[in-house]
Amino acid sequence: MSITNTFSIQQISEKDFHFNFIGSIDAHASAVLESLATLPSETYVLLDFSQVERVNSMGLSLLLKLFEEWERKKIRVEVQQLNRMVNMLFKITGLGRFVKSDGQNPQSAIGPTTVNPEPPHHPEHKASAAPSIHDKLNFVASLQSGQQLTGWYLLNTYLQRRLKKAIHFEQSVDTPDSRTTDLLFAKPFEACFMMKQYGFIPLLRPQSETDEVVILTRADDNRSLQDYQNASVGTATKDSFVYLLGRFLCDESGLDSEKFTFDFSGNEIKALQTLIRKKCDLVFILKKTYEGLSSFSRNNVRKLDESQTDFAYHLFCIAPQLKDEDSALVDVLLDMENDEQGQKILQDIQIQGWSTPEQGELQMLQMVYNRYVI
């Protein structure tokens, strides 16, 4: 499906403040949305999203800023005709309170106290003095697909040569130890945890790529997603964006994820094995993991649904004690697209290139993390 990068607003009539939003709401929509900030106080605004193709995390950040400004001016705002994915994102981020109530889009039962009633499990870090910059840096990466592993080792060698530093690479299995991690490529909520707890600094994100979830069942199970009431579900961890998004996706399909039984296996391949061995009914996994499965695994599962939210993404972060060296690292990574060897490594790690995350994107991701995981 082709998605435009343009956004426009059409006012239905001059008598009221009923607007059609048209196109994609992302960073490029900033100037158009700002034009609505001057509406008179104590009025009613109705926004029609029937022609909105997508809303990404930056777009949600811009909408939240506008809606909060309108609330300060005692402007009542309602949004109608959201597509399924946009409606889901409004609920996840708390913008669901602006969706016009018409009996068609009930609020999801998932809330800050029900998605993750227990604090997420993370390794205990003993109190210690601020870590110093060591001669050898430690680089930890949470892979989006098992097929990327060789490419990440090649990237590590590439960084060593260009930064002229010794760097040790390892694949992330659990939440990294903040005392020994210098460079970090992390899953969305894992990155938020390291940023919030230990001051890690987000530098870059994969270009034109977000983390999406797929819901799988076994190939020999012919039921549709709506038939999986009270299902048992396998997924990697409870404190992950995949888990959150999978639950919302099921709720938007008419299921009640509160009634699911969850099996947290620690990683996505183990979760998939649980499904194939008929120990659960459904699995939530990262879309990129699904796309990288072997033909054997693909032939044993069937995709029931997938998200298209364009919201969350892995982040390349640096430890706070290395903040004075961040520009050199950023320059090397951004220049990979212009270097033949760099281009080959990008192909191996299945990333088009790197881009700098917008501040609004980071704030929205951290807001969702704080809302559901903390």
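The values are calculated or read from the model by the stated rules, or taken from the named source; none is laboratory data. Please read all numbers here as calculations on a predicted model, not as lab measurements. Here Cβ is always computed from backbone atoms with ideal geometry, including for glycine, and neighbour counts include all displayed protein chains. Remember, those area values only see protein heavy atoms, side chains included, never the ligands or the DNA or RNA. Shrake-Rupley method; radii C 1.70, N 1.55, O 1.52, S 1.80 Å.
Within the stretch 242-267, restricting attention to residues that are open to solvent by 10 Å² or more (accessible area, probe 1.4 Å) and among the aromatic types (Phe, Trp, Tyr), which residue is nearest to VAL86 (Cα to Cα)? Per the stated criteria, the residue is PHE260. It is to be established whether one or more residues within the stretch 81-94 are in a strand (DSSP E or B) and either open to solvent by less than 40 Å² (accessible area, probe 1.4 Å) or out of contact with any helix residue (DSSP H, G or I) (no Cβ under 9 Å at 6 or more places or on another chain) (or both). Taking every residue of the stretch 81-94 in turn, none turns out to be in a strand (DSSP E or B) and either open to solvent by less than 40 Å² (accessible area, probe 1.4 Å) or out of contact with any helix residue (DSSP H, G or I) (no Cβ under 9 Å at 6 or more places or on another chain) (or both). Residues in the stretch 176-221 that are modelled with pLDDT of 95 or more, farther than 17 Å from LYS323 by Cβ, over 18 Å from the mean Cα position of the chain (by Cα) and not charged (D, E, K, R): LEU216, THR217, ALA219. The residues of the stretch 26-55 that are of a type in the set (Asp, Glu) and open to solvent by 40 Å² or more (accessible area, probe 1.4 Å), listed by number, are GLU34, GLU42, GLU53. Looking across the stretch 327-374, the residues that are of a type in the set (Ser, Thr, Tyr) and more than 26 Å from ARG162 (Cβ to Cβ) come down to TYR369, TYR372. Applying a threshold of 9 Å to beta carbon distances and a minimum spacing of six or more residues, or different chains, the list of pairs starting in the stretch 69-89 at a residue that is more than 11 Å from TYR44 (Cα to Cα) and hydrophobic (A, V, I, L, M, F, W, C) and ending at one that is open to solvent by 30 Å² or more (accessible area, probe 1.4 Å) and part of a strand (DSSP E or B) reads LEU82/SER50; MET85/ARG54; VAL86/ARG54.
Restricting the first member to the stretch 152-166 and to residues that are within 17 Å of VAL330 (Cα to Cα), and the second to residues that are open to solvent by 40 Å² or more (accessible area, probe 1.4 Å) and hydrophobic (A, V, I, L, M, F, W, C), the beta-carbon pairs closer than 8 Å and six or more apart or on different chains are GLN160/ALA166; LEU163/ALA328.
Results for (1) of a type in the set (Asp, Glu); (2) out of contact with any strand residue (DSSP E or B) (no Cβ under 6 Å at 6 or more places or on another chain); (3) in a helix (DSSP H, G or I); (4) open to solvent by 10 Å² or more (accessible area, probe 1.4 Å), shown as yes or no for each residue.
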| site | (1), (2), (3), (4) |
| --- | --- |
| GLN147 | no, yes, yes, yes |
| LEU155 | no, yes, yes, no |
| ARG162 | no, yes, yes, yes |
| HIS168 | no, no, no, yes |
| THR175 | no, yes, no, yes |
| LEU184 | no, no, no, no |
| ALA191 | no, no, yes, no |
| MET194 | no, yes, yes, no |
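Filtered by the rule that a residue be part of a helix (DSSP H, G or I) and over 10 Å from TRP354 (Cα atoms), the stretch 313-331 gives PRO320, GLN321, LEU322, LYS323, ASP324, GLU325, ASP326, SER327, ALA328, LEU329, ASP331.
For the stretch 362-373, the condition of being over 23 Å from MET194 (Cβ atoms), outside any loop (DSSP other than H, G, I, E, B) and in contact with a Ser or Thr (Cβ under 6 Å, 6 or more places away or on another chain) holds for none of the residues. Could you please let me know if MET58 is open to solvent by 10 Å² or more (accessible area, probe 1.4 Å), under 30 Å from SER265 (Cβ atoms) and modelled with pLDDT of 95 or more? When the stated conditions are applied, MET58 does not pass them. Restricting attention to the stretch 197-211 and to residues that are under 14 Å from PRO176 (Cβ atoms) and not polar (S, T, N, Q), the residue that is least open to solvent (accessible area, probe 1.4 Å) turns out to be PHE200.
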